[in-house]
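As structure tokens, the structure follows; a few thoughts come after it.
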Amino acid sequence: MITVAICDDEEIYCRQIREKLTAFSIADSIDMDIKEYRSAEELIHAAQGGWTFQLLFLDIMMKDMNGMEAARKLREMDCGGLIVFITSYLDYMQTGYEVKAFRYLLKNQMEQQLGRVIGDCIRELGDGSVFTFQFEREIHRVRQKDILYMESEKRLIHLYAVECEYIFYESLDGVLKQLEAGMFVRCHRSFLVNAGRVRRFAGTELELENGTVLPVGRKYSVDVMKRLLL
């Protein structure tokens, strides 16, 4: 599942991007959750409410708060998704580096550029196989299959992968929305585990292939069992 946001105050561009995304989704069998916003304020409000995106198409020139301001706020909130700026001019390209813009779409070349840009984004995301997050203004990408488990400590997530460890701000529910469906399972209120990395399950605990033992909460044990039997 790839979560996508489109933020533009002009309906014509929102529709054009949504239609092209839908075409990619059908052609490549990629699940996409696409949401549209007509202002930067709406987008920021959704992000503050916990909605996260992996890919954002963001118009730069909008009324009140512009797209560049919105991008800065999102990065300050540790939103680490790919940002594609929609613009009529390239004057903002240098500023875009500050918020780690992935691509730019020129409105007068939308028809010619859109398919290529979406393709680049999907390849970068690896069809959901790459987990993207941000911490202390740095964007990190980890292959989902390399993730062993994640542990939640208040608003802080500890991510343990095969060869590295990271920390970032998010909830486990928010993380789950960004991960490939079926690959991970919640085994405890504080733990999310890669089902493919589980070596042993014994009711109240499970052991990973690296020897790490994690607790299994009573309310999660049935879901863990079902997932491991798939």
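Just the residues that are of a type in the set (Lys, Arg) and under 18 Å from PRO215 (Cα atoms), please, taken from the stretch 150-167.
Let us first name the residues in the stretch 150-167 that are of a type in the set (Lys, Arg), namely 154-155.
Correct list: LYS154 only.
Would you mind finding the one in SER29, SER25 that is at positive phi and under 20 Å from the mean Cα position of the chain (by Cα)? Spell out the reasoning first.
Values: SER25 fails: at positive phi.
Step by step, each of SER29, SER25 is checked, and only SER29 is at positive phi and under 20 Å from the mean Cα position of the chain (by Cα).
Which of (1) surrounded by 16 or more Cβ atoms within 10 Å (Cβ to Cβ); (2) under 17 Å from the mean Cα position of the chain (by Cα) does MET77 not meet, given it meets every other one?
Exception for MET77: condition (1).
Which pairs do you get when a residue that is free of Cβ contacts under 8 Å to residues at least 40 places away in the same chain and under 17 Å from SER190 (Cα atoms), found in the stretch 202-213, comes within reach of a residue that is among the basic types (Lys, Arg) and outside any loop (DSSP other than H, G, I, E, B), reach meaning Cβ atoms under 7 angstrom, with the pair 6+ apart or on two chains?
As it stands, the answer is LEU206/ARG200; GLU207/ARG199; GLU207/ARG200, since those pairs meet every condition given.
Among the numbered criteria (1) under 29 Å from SER29 (Cβ atoms); (2) in contact with a Leu (Cβ under 9 Å, 6 or more places away or on another chain); (3) not basic (Lys, Arg), which single criterion is violated by GLU205?
It is condition (1) that GLU205 fails.
MET61: surrounded by fewer than 21 Cβ atoms within 10 Å (Cβ to Cβ), farther than 22 Å from ILE157 by Cα and of a type in the set (A, V, I, L, M), yes or no?
Values: surrounded by fewer than 21 Cβ atoms within 10 Å (Cβ to Cβ): yes; farther than 22 Å from ILE157 by Cα: yes; of a type in the set (A, V, I, L, M): yes.
In short, yes.
Do we find that ARG15 is free of Cβ contacts under 8 Å to residues at least 60 places away in the same chain and more than 17 Å from LEU106 (Cβ to Cβ) in this structure?
Numbers: free of Cβ contacts under 8 Å to residues at least 60 places away in the same chain: yes; more than 17 Å from LEU106 (Cβ to Cβ): yes.
Yes; evaluated as a whole, the condition is true for this residue.
Yes/no matrix, rows are residues, columns are (1) outside the structural domain of ASP146 (by TED's automatic domain parsing); (2) touching a strand residue (DSSP E or B) at 6+ places or on another chain (Cβ under 7 Å); (3) modelled with pLDDT of 90 or more:
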{"residue": "MET183", "(1), (2), (3)": "no, yes, no"}
{"residue": "ARG186", "(1), (2), (3)": "no, yes, yes"}
{"residue": "LEU192", "(1), (2), (3)": "no, yes, yes"}
{"residue": "GLY196", "(1), (2), (3)": "no, no, no"}
{"residue": "GLY203", "(1), (2), (3)": "no, no, no"}
{"residue": "LEU208", "(1), (2), (3)": "no, yes, yes"}
{"residue": "GLY211", "(1), (2), (3)": "no, no, yes"}
{"residue": "TYR220", "(1), (2), (3)": "no, yes, yes"}
{"residue": "VAL224", "(1), (2), (3)": "no, yes, yes"}
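Please find, among PHE191, PHE133, the residue that is surrounded by 19 or more Cβ atoms within 10 Å (Cβ to Cβ), touching a residue at least 40 places away in the same chain (Cβ under 8 Å), of a type in the set (Phe, Trp, Tyr) and within 23 Å of GLY217 (Cβ to Cβ).
Numbers: PHE133 fails: within 23 Å of GLY217 (Cβ to Cβ).
After ruling out the rest, the residue left standing is PHE191.
Can you find, within the stretch 190-206, the residue that is nearest to LYS154 (Cα to Cα) among those that are touching a Phe, Trp or Tyr at 6+ places or on another chain (Cβ under 8 Å) and outside any helix (DSSP H, G or I)? Spell out how you get there, then give the answer.
Step one: list which residues in the stretch 190-206 are touching a Phe, Trp or Tyr at 6+ places or on another chain (Cβ under 8 Å), which gives 191-195, 197.
Right, trim to outside any helix (DSSP H, G or I) and you get 191-194.
On the way: PHE191: 12, LEU192: 14, VAL193: 18, ASN194: 21 Å.
Step by step, filter the stretch 190-206, then rank; the result is PHE191.
Just the residues that are assigned to a helix (DSSP H, G or I) and touching a helix residue (DSSP H, G or I) at 6+ places or on another chain (Cβ under 9 Å), please, taken from the stretch 105-116.
Narrowing the stretch 105-116 to residues assigned to a helix (DSSP H, G or I): 107-116.
Across the stretch 105-116, the qualifying residues are LYS107, MET110, GLU111, LEU114, GLY115.
I'm trying to understand the selection: among the residues of the stretch 2-45, which are of a type outside the set (Val, Ile, Thr), touching a Leu at 6+ places or on another chain (Cβ under 8 Å) and closer than 24 Å to PHE184 by Cα?
ALA5, MET32
Just wondering, is there one or more residues in the stretch 193-200 that are touching a His at 6+ places or on another chain (Cβ under 9 Å) and of a type in the set (Gly, Ala, Ser)? Can you show your working first?
Narrowing the stretch 193-200 to residues touching a His at 6+ places or on another chain (Cβ under 9 Å): none.
There is no residue in the stretch 193-200 that is touching a His at 6+ places or on another chain (Cβ under 9 Å) and of a type in the set (Gly, Ala, Ser).
Which of the residues belonging to the stretch 150-172 are among the acidic types (Asp, Glu) and modelled with pLDDT of 90 or more?
Pass one, the stretch 150-172, residues among the acidic types (Asp, Glu): 151, 153, 163, 165, 170.
GLU151, GLU153, GLU165, GLU170 - these are the residues of the stretch 150-172 that are among the acidic types (Asp, Glu) and modelled with pLDDT of 90 or more.
The values are calculated or read from the model by the stated rules, or taken from the named source; none is laboratory data. A quick note: this is a predicted structure, and the numbers were derived from the prediction, not measured. Note that each Cβ is placed from the backbone with ideal geometry, even for glycine, and that neighbours are counted across all protein chains shown.
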